[in-house]
Amino acid sequence: MKRQYEKKILDTRLQDFQEELIPMDVLPYLSCLQQVDKEVIEAKQKNEGPTRANSDLVDRIKRRHGGFQDFVQALRKCGFEHTALLLDPYYRYPGEPLLSILFYFSCYNNRK
């Protein structure tokens, strides 16, 4: 049931991030994908552009167990927090904190 929900979110939200996400930026952080998957997505991006490659990326993520969680965490790790929030608005799959957020809070605390 949960997996069907995750697939539906990916299908629904793809149109919201398809034109801004660069698949090759996220691929190094996706442990759920096999090397052949990554190569196909890279080739698609080089030949047809990132928008088309995002469709392949999402399709392959949907087929992998734990793919949704891995994708959300990968988005957070490489700076696409806004896209991660589209998919996971309740922050069920936290990733590493963004350096910019840590920097902000360290600067804020130093001002006091």
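Quick look at the numbers
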quantity	calculated
The range 27-63, residues that are within 23 Å of Gln4 (Cβ to Cβ) and within 11 Å of the chain's Cα centre (by Cα)	Leu30, Asn54, Leu57, Val58, Ile61
Selection count, the range 18-41, where residues are open to solvent by 60 Å² or more (accessible area, probe 1.4 Å) and in a helix (DSSP H, G or I)	7
Some residue of the range 72-89 being assigned to a loop (DSSP other than H, G, I, E, B) and modelled with pLDDT of 95 or more	no
Residue that is most open to solvent (accessible area, probe 1.4 Å) [pool: residues in the range 42-71 that are outside any helix (DSSP H, G or I) and touching a residue at least 24 places away in the same chain (Cβ under 8 Å)]	His65
In the range 38-55, the residues that are over 19 Å from Leu14 (Cα atoms) and of a type in the set (Gly, Ala, Ser)	Ala43
Condition broken by Ile9, with the remaining ones in (1) in contact with a Lys or Arg (Cβ under 7 Å, 6 or more places away or on another chain); (2) open to solvent by less than 30 Å² (accessible area, probe 1.4 Å) satisfied	(1)
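The values are calculated or read from the model by the stated rules, or taken from the named source; none is laboratory data. Everything numeric in this text was worked out from a predicted model, so none of it was measured. Don't worry about glycine lacking a Cβ; one is built from the backbone with ideal geometry, like all the others, and counts go over all protein chains shown. Each accessible area value is taken on the protein alone, full model and side chains, heavy atoms only, with ligands, DNA and RNA left out. Shrake-Rupley method; radii C 1.70, N 1.55, O 1.52, S 1.80 Å.
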